[in-house]
Amino acid sequence: MLIKTVKPGDLRESAVTPESVYLSRRRFMGGMAGLGAGLALLGPGLASADGNAETIGDDAPEWLADKLREARLGVVTPDDPEQDRLTPFRDASTYNNFYEFGPDKSDPARLAHRLQTAPWSVVIDGEVNNGGRMDLEEIARPSQFEERIYRLRCVEGWSMVIPWLGIPLAEVIRRADPTSRAHYVRFETLVDPEQMPGQRSVFSAIDWPYVEGLRLDEAMHPLTLLAMGMYGRELPNQNGAPLRLVVPWKYGFKSIKSIVRISLVEEQPMNTWQQIAPDEYGFYANVNPDVDHPRWSQATERRLPNTLFRPNIIKTQLFNGYADEVASLYAGLDLRTHY
Ligand code: MTE
């Protein structure tokens, strides 16, 4: 299992990154008592040093700022020191898919800052004994925040390496106390056309809300994270604030943003992209270089940032490089049929 709890000073060189502000502070943290003390320094400075201050809020509620500050490094270390450098915050927060704000990669950073993310509540319902509507703090409070450095691979053929902050989804599900009929987890994003211009568009093929789902064992897997922060601070709205899923061995579209409902269900849910084009997007969406999308080869990926002269094309790995951790979930399953 790649998940390990490390002291800040133990960070592997593969986490060394051009994200100089983040890392120089991290190194500084290594010499300090712990991450908690260091994260306090990762405030607005990160944004302004990055020239990207306008795209991120600086208004995390106090309880969340405390949780982020107390995060422990539960680092999942991607293994190639050259390829797996952290994606600069600027790229991760300006090149986004969030169709609620429009179809272009730049739409979310331009338009999502108006989304009201506090107060925010999430309904946990379906096959559970202990569900109900909870505010974000109620969901987050009982759990220790962790930082996880994960690859994010989009089915369109680009990828990033992002340091997320959040809590294992498994803990939230366990607290909801699923019944024996709970076999899948279904997630929904907010529907609010007033705040989300993409939901007002007549050109959108999406039947809102954006829906995603996991098998219960996938949802309970220790790699599966509910993220509330990244790069040492709260999630920018364009990245799915205040609460998004991160499933690093699956294509990025599984990692649903701005979640308002988590339902434990008996039947396999129908997901947004699967509903639009079932021959292109399956339920599983496990990263797999051997199973091409009809329009995009999945054999390689473009690791951001890249340029025309430095295309930065790398080989895609089965399960996005997390096969040791997750392949056993799919023993006996034909990954071609169940794409
Ligand atoms: N969640 C919602 N609600 N709406 C979306 O359009 N896009 C998905 C996923 N989650 C999407 C979403 C896709 S296609 C990808 S690749 C990732 O978010 C992108 O995450 P990022 O913008 O933070 O890199």
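Each of 238, 205, 216 was scored by the projection of its Cα onto the charge dipole of the stretch 160-248, and the greatest displacement toward the positive side belongs to 216; charges sit on the C-beta of Lys, Arg, Asp and Glu. Rounded to the nearest 20, the Cβ-based charge dipole of the stretch 247-327 about its Cα centre (Lys and Arg +1, Asp and Glu -1) stands at 520 debye.
With a Förster radius of 51 Å applied to the beta-carbon distance between residue 291 and residue 66, the computed FRET efficiency rounds to 0.75. The modelled label-to-label distance for the pair residue 270/residue 327, using points 7 Å beyond Cα in the direction of Cβ, is 3.5 nm. Spatially, the stretch 90-165 and the stretch 307-333 are offset by 22 Å when compared through their Cα centroids.
The stretch between residue 171 and residue 114, if pulled fully straight at 0.36 nm per residue, gains 17.5 nm over its current Cα-Cα span.
Phi angles of the stretch 189-198 translate, via the Karplus equation with coefficients 6.51, -1.76, 1.60 and θ = phi - 60°, into HN-Hα couplings of 8, 3, 10, 7, x, 5, 8, 10, x, x Hz per residue; Gly and Pro are given as x. Residues in the stretch 93-190 average 38 Å² of solvent-accessible surface per residue, probe 1.4 Å, ligands and nucleic acids excluded.
The values are calculated or read from the model by the stated rules, or taken from the named source; none is laboratory data. The model shown is predicted, which means the values in this text are computed figures rather than measured ones. Virtual Cβ from ideal backbone geometry, glycine too; neighbours counted across all protein chains shown. Side chains included, ligands, DNA and RNA excluded: accessible areas come from the protein's heavy atoms. Shrake-Rupley method; radii C 1.70, N 1.55, O 1.52, S 1.80 Å.
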